[in-house]
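What follows is a short report on a single structure.
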Amino acid sequence: MSSEQLANFASHETACARCPGWWLMTEVRSLRVGRAERKKTASDLFPSSLFVLSPNEPVQRSSKMSTFWGYMFEGFALSVLWLWWMINTHVSAIKSQSEDKSFITRITYNTWPGTRLPVETLYKISISGLGLLATFLYEGISFTDADGNYRKMATVISMSIYGIFFVHSVLELMMLMGAPLLQDCHYVSAALGFLWYALATFFRARDFLHDAHVTVMVKTLPLYPLVAIGVCLLVEMGSRGSFIAQTVRVASLGLIATWNFNAAFILHKGPSFPGKEQSSWDMMEHSNTAFIGAAFGDHICFHLIFLTVAYAITALVMRIRLGIRIKYEKVPGLQH
């Protein structure tokens, strides 16, 4: 470009800058560029500072993709425990109200009509043991590659989760047998299990930070109800009459249990074994990642409705079969 052309271009830029619409056009153009850059990276939701242990450069995953049937197994196992806790919590609350007694929190409901076996404890032992064995068999016993670097991080984490809950279940069984153990060790072990479960979801999610933001969102959202369960267990240990703490614990477990079913179909093409990785989703698309967060909000709404309806049905069944009637007080602000 000649010096004369440069001078003409500079004078044109100066004249345009004096135009009232020039500034607005420049801002719109910069916004478009910014939007395009965000669409390429989709890193706004997951800044590197949130994942302190995550390197800034793309890295190779340290483990296999999670499996479709792994999510389904975990969802089924937790759903059975959730429904068991929910029904027994509702029954205990209704009975305590009808008898005008204080509600007593319980971490385990082993009673089953016609048997003296600790059904819940035996169920937790079998499920945690089966999960530990299945995880071990799926990945094998070797946890290093040819260069001696550690791999299969998600496998080791899953084994530790199942292992903690297996130990918790065994401690619970030993307490039922009258073994000399520390007081409330079953509460402490359960709280540690769920809190570690929450931290483990963080470590498992960061393995997909650089190539699958949808996966990161799916795996990170259960962290919050898991922390809530651990905190509620510690609250219940200190205050054995907290109906709210036990209800929040039960509701949080339900959120995690049923979210596993959603995660199985979001992240995998089922029901093939062990389940192929989902290809119909763009795992780095910002809108897909944001949609997962919105879907979790709808998930919470559904559970709130379900818990309310389940409590009403339980109260109705107990009224018909056992003749238990409860007089519920109206909310003063809603009375005419």
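Things worth noting here:
- Cα gyration tensor shape for segment 128-244, rounded if a/c is under 1.5, else prolate or oblate: oblate
- Neighbour-count ranking [beta-carbon atoms within 10 angstrom, fewest first] of 128, 287: 287, 128
- Here 285, 236, 120 are placed in order of increasing Cβ neighbour count within 10 Å, fewest first, which gives 285, 120, 236.
- Relative to the compact-globule estimate of 2.2 N^0.38 Å, the Cα radius of gyration of segment 159-201 comes out at 1.18.
- You can think of it this way: the chain between residue 182 and residue 269 has 26.7 nm of extra reach, that is 0.36 nm per residue less the Cα-Cα gap.
- Residue exposure sequence - 185, 232 - by fewest surrounding Cβ within 10 Å: 185, 232
Quick note: the coordinates plus some simple rules give every number you see, no bench work behind them. Remember, it's a predicted structure, so these values are computed and weren't measured experimentally. Positions of Cβ are backbone-derived with ideal geometry, glycine not excepted, and every protein chain shown enters the neighbour counts.
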